[in-house]
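Student: Sharing a structure, written as structure tokens. Questions coming.
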Amino acid sequence: MKVIVRNTGYFFREIKTIVKLDLLSNIFSIISLSFIFFLLSLIFSGGNIVEHMITAIEDEAQISVYYSDDIDVTIIGSQIKEISGIRDILYIDETEAKAEMTEIMGEESRIFELFDHNPFDPYIKVKIELDQVDTIVEEVSSISGVELVRDNKEILDKLKDISSLISLLGLLIVIAVSVATLIITSHIIRQGIYLNKEQINTLRLLGAPEYFIRLPFILEGLLMTILSGLMSNIMLFVVLKYIYSQTMSFLPFITLPKFNGIMTLIILITLGLSFALGLIGSLFGLKSTNK
Amino acid sequence: MIIANKLYLKYPDGTLGLKDVNLVIPSGEVVYITGPSGSGKTSFLKLLMGMESPSDGYLTVLGKDMNNINNRELRRLRRSIGPIFQDFKLLDGRTVYENVIIGMRFLDFSKSEIQNLALATIKRVGLDHKINSIVDNLSYGERQRVAIARAVARRPLLIIADEPTGNLDKDNSLNILDLLKSFKDNNTTVIITTHATHLIEDEQDCIKINVLNGKMSTEEVSYESNC
Ligand SMILES: Nc1ncnc2c1ncn2[C@@H]1O[C@H](COP(=O)(O)OP(=O)(O)OP(=O)(O)O)[C@@H](O)[C@H]1O
Ligand SMILES: [Mg+2]
């Protein structure tokens with residue numbers, strides 16, 4: 001330990017020498033690793049965003065209940081309230097229904113001016129517990145006077161499909177990234193050792209401990225992957241920033257997770273991963289060149 | 001102290017590098033190993049450094065049985081040896097100073113001890129004006145002095161120089177031999193191989209061992225008066 005501390009400066013100068021000996025390979029490795037980590041962080045942010053959307057929609061889980069005009073809406077309402085899993089109900093009349101739609105459609109809502117009477121029907125907005133949506137829809141439908149029950153289960157199911165697809169994809173990409181990183185790192189370490197084999201041999205003849213000989217190479221691998229991790233963070237920052245600003249101006253009803261939160265999460269993930277993979281990759285590289 | 005008894009070294013291709021070596025080298029001596037090219041001088045030094053293992057017979061170096069030495073002990077043994085290789089094995093691209101202290105970085109010296117030992121040794125080999133030069137740019141003789149400084153600055157118990165006079169003229173050879181001999185003290189043995197027997201004809205107070213066809217011993221040559 002004392003030897004390591006006393007020689008810190010030496011080890012870092014050694015890294016410089018090792019890197020300089022094969023500068024291009026090192027630069028190319030860092031670039032490829034950066035893109036690999038960037039891919040990884042993209043998939044992580046994608047997954048994170050979809051997850052966030054799902055929770056947002058689940059919190060808003062609601063069904064719309066349409067009824068025939070010849071019946072007292074409060075009777076239907078009180079019957080709905082008895083069903084378990086109902087959180088809240090709200091009566092929406094024609095004007096409110098039109099106002100809601102006008103807001104969603106924005107500019108396009110001018111089309112309503114073509115109608116000489118309000119085309120919207122009144123309905124009951126029912127907030128529910130999402131996991132009971134199937135039984136609730138069934139029970140509400142059977143209430144007399146109820147004509148149509150609409151739920152947003154379809155969107156939710158789609159999102160959940162996307163989410164599990166991203167999870168699967170994410171898993172595959174994590175595996176691919178790990179393998180690629182390990183291969184690249186161990187290869188560059190092996191190359192460094194090969195180019196330095198005379199010096200390594202000399203150090204061995206002088207009785208240098210193995211850790212003293214190996215440390216610069218391990219540090220080189222670590223430095224390379226961590227640097228790549230940081231580069232990928234910068235790329236992600238730029239791309240995500242763009243996606244966020246685009247989404248906010250063109251798709252304002254989509255709720256995105258907090259930008260800083262997602263960025264911090266992904267910086268932590270990539271740095272942790274690049275550290276671990278760099279270490280393992282370097283050790284692999286060293287192991288495979290042991291005489 | 002080095003003891004060899006019926007020591008053999010057989011290379012993988014079947015060549016006998018050394019055969020039936022019997023000798024005792026006490027510590028604190030200057031030892032010349034002479035013999036024609038291919039006789040086995042370097043082979044013997046390789047055994048001393050654990051670069052090869054005895055094929056048969058017995059060898060101890062500084063109390064270590066070279067037949068049964070593990071990696072850890074071998075590293076420790078090498079830390080007590082100051083080797084000067086025929087091709088010097090300097091670290092290219094580094095300064096004279098860096099090359100001299102590399103052998104001390106992992107020894108039990110403090111930072112200031114390392115610095116003082118290195119500076120004193122570099123001065124002693126006459127390279128203080130070149131201390132920050134990159135070794136690649138030095139002359140042959142200067143590079144050799146760097147190699148010597150690296151070997152001795154770490155205060156080894158055994159200094160080994162393989163053919164240090166190989167590429168030098170007579171005057172420079174004598175100077176280098178004098179320099180190497182000067183590092184001998186009560187604890188430190190200096191072993192020098194050379195085929196230039198004429199250079200050491202007049203040498204006194206040393207052990208001369210002649211190798212012929214891999215055979216060497218301290219029995220017939222004495223470390224007596226004629227040496
Ligand atoms: N690695 C090896 N494999 C096979 N044979 C070897 C090997 N190294 C040396 N030899 C042989 O062993 C014998 C002794 O070689 P060694 O290098 O010890 O001679 P030397 O006395 O140092 O010669 P020189 O004065 O030329 O340096 C020679 O015949 C040589 O060819
Ligand atoms: Mg030789």
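Student: Given the conditions (1) surrounded by fewer than 14 Cβ atoms within 10 Å (Cβ to Cβ); (2) in contact (Cβ under 8 Å) with a residue 24 or more places away in the chain; (3) more than 30 Å from A:G47 (Cβ to Cβ), which single one is not true for A:F115?
Tutor: With respect to (1) surrounded by fewer than 14 Cβ atoms within 10 Å (Cβ to Cβ); (2) in contact (Cβ under 8 Å) with a residue 24 or more places away in the chain; (3) more than 30 Å from A:G47 (Cβ to Cβ), A:F115 is out only on (2).
Student: On to the next question. Being out of contact with any Asp or Glu (no Cβ under 8 Å at 6 or more places or on another chain) and within 14 Å of chain A (Cβ to nearest Cβ) is the requirement here; does B:N99 meet it?
Tutor: When the stated conditions are applied, B:N99 passes them.
Student: Under 8 Å by Cβ, and 6 or more places apart or on different chains, what pairs join a residue from the range B:108-129 that is under 20 Å from B:G141 (Cβ atoms) with one that is open to solvent by 60 Å² or more (accessible area, probe 1.4 Å)?
Tutor: Hits for this filter: B:I122/B:D128; B:V125/B:R145; B:G126/B:R145; B:L127/B:R145; B:D128/B:L119.
Student: Applying the selection to the range A:119-129, what residues are in contact with a helix residue (DSSP H, G or I) (Cβ under 9 Å, 6 or more places away or on another chain) and either surrounded by fewer than 19 Cβ atoms within 10 Å (Cβ to Cβ) or without any contact (Cβ under 8 Å) to a residue 40 or more places away in the chain (or both)?
Tutor: Those that are in contact with a helix residue (DSSP H, G or I) (Cβ under 9 Å, 6 or more places away or on another chain) and either surrounded by fewer than 19 Cβ atoms within 10 Å (Cβ to Cβ) or without any contact (Cβ under 8 Å) to a residue 40 or more places away in the chain (or both): A:P119, A:F120, A:D121, A:P122, A:E129.
Student: Another question, then. Which of the numbered conditions does B:M104 fail, given that it passes all the others? Conditions: (1) open to solvent by 10 Å² or more (accessible area, probe 1.4 Å); (2) among the aliphatic types (A, V, I, L, M); (3) farther than 16 Å from B:S133 by Cβ.
Tutor: Among (1) open to solvent by 10 Å² or more (accessible area, probe 1.4 Å); (2) among the aliphatic types (A, V, I, L, M); (3) farther than 16 Å from B:S133 by Cβ, the lone unmet condition for B:M104 is (1).
Student: Got a sec? Which of A:L240, A:L227, A:L236 is over 30 Å from B:A161 (Cα atoms), open to solvent by 10 Å² or more (accessible area, probe 1.4 Å) and not polar (S, T, N, Q)?
Tutor: The match here is A:L227.
Student: A further question follows. Please go through (1) open to solvent by 20 Å² or more (accessible area, probe 1.4 Å); (2) more than 14 Å from every other protein chain (Cβ to nearest Cβ) for B:S43 and return the number of the only condition it doesn't satisfy.
Tutor: The single condition B:S43 does not satisfy is (1).
Student: Within the bounds of the range A:152-165, is there any residue that is at pLDDT below 80, surrounded by 13 or more Cβ atoms within 10 Å (Cβ to Cβ) and not in a helix (DSSP H, G or I)?
Tutor: yes
Student: What number goes with the only condition from (1) part of a helix (DSSP H, G or I); (2) within 26 Å of A:V73 (Cα to Cα) that A:E107 does not pass?
Tutor: (2)
Student: Taking B:I69 as the residue in question, decide whether it is open to solvent by less than 30 Å² (accessible area, probe 1.4 Å), among the hydrophobic types (A, V, I, L, M, F, W, C) and under 21 Å from the mean Cα position of the chain (by Cα).
Tutor: No.
Student: Go through (1) of a type in the set (A, V, I, L, M, F, W, C); (2) facing chain A (nearest Cβ under 10 Å); (3) within 29 Å of B:K41 (Cα to Cα) and name the single condition B:I114 misses.
Tutor: Among (1) of a type in the set (A, V, I, L, M, F, W, C); (2) facing chain A (nearest Cβ under 10 Å); (3) within 29 Å of B:K41 (Cα to Cα), the lone unmet condition for B:I114 is (3).
Student: Considering only the range B:46-81, how many residues are more than 9 Å from chain A (Cβ to nearest Cβ) and within 24 Å of B:T121 (Cβ to Cβ)?
Tutor: Count: 3.
Student: Could you check the range B:114-135 and list, in sequence order, the residues that are of a type in the set (D, E) and at pLDDT 95 or above?
Tutor: none
Student: Would you check if B:L23 is of a type in the set (A, V, I, L, M), under 19 Å from B:N210 (Cβ atoms) and away from chain A (no Cβ under 14 Å)?
Tutor: So B:L23 fits the description; yes.
Student: Within the range B:156-192, can you find the residues that are under 18 Å from B:T42 (Cβ atoms), away from ligand 2 (no atom under 16 Å from the Cβ) and within 14 Å of another protein chain (Cβ to nearest Cβ)?
Tutor: Within the range B:156-192, B:L158, B:I159 meet the criteria.
Student: List the helices (runs of 4 or more DSSP H) that sit entirely inside the range B:3-106 and contain at least 1 residues that are within 15 Å of ligand 1 (Cβ to nearest atom).
Tutor: Passing ranges, in order: B:41-48.
Student: If you don't mind, there's one more thing I want to ask. Out of curiosity, is B:A151 within 14 Å of another protein chain (Cβ to nearest Cβ), of a type in the set (G, A, S), under 17 Å from the mean Cα position of the chain (by Cα) and more than 20 Å from A:N7 (Cα to Cα)?
Tutor: Against the criterion (within 14 Å of another protein chain (Cβ to nearest Cβ), of a type in the set (G, A, S), under 17 Å from the mean Cα position of the chain (by Cα) and more than 20 Å from A:N7 (Cα to Cα)), B:A151 does not qualify.
Student: Tell me which residues, restricted to the range B:1-55, are hydroxyl-bearing (S, T, Y) and within 16 Å of ligand 2 (Cβ to nearest atom).
Tutor: Hits for the range B:1-55 are B:Y11, B:T15, B:Y32, B:T34, B:S37, B:S39, B:T42, B:S43.
Student: Still on this structure, please answer the following. Would you mind finding the one in B:V190, B:V152 that is more than 19 Å from B:I209 (Cβ to Cβ) and at pLDDT 90 or above?
Tutor: B:V152
Student: Further question on the same structure: Out of A:I213, A:I189, report the one residue that is of a type outside the set (D, E, K, R), in contact with a helix residue (DSSP H, G or I) (Cβ under 9 Å, 6 or more places away or on another chain), crowded, with 19+ Cβ neighbours inside 10 Å and within 11 Å of another protein chain (Cβ to nearest Cβ).
Tutor: The conditions single out A:I213.
Student: Okay, moving on. Of the conditions (1) away from chain A (no Cβ under 14 Å); (2) surrounded by fewer than 18 Cβ atoms within 10 Å (Cβ to Cβ), B:L18 fails just one. Which one is it?
Tutor: Result: B:L18 fails condition (2) only.
The values are calculated or read from the model by the stated rules, or taken from the named source; none is laboratory data. The model shown is predicted, which means the values in this text are computed figures rather than measured ones. Quick reminder, even Gly has a Cβ in these numbers, built from the backbone with ideal geometry, and neighbours come from all protein chains shown. Remember, those area values only see protein heavy atoms, side chains included, never the ligands or the DNA or RNA. Shrake-Rupley method; radii C 1.70, N 1.55, O 1.52, S 1.80 Å.
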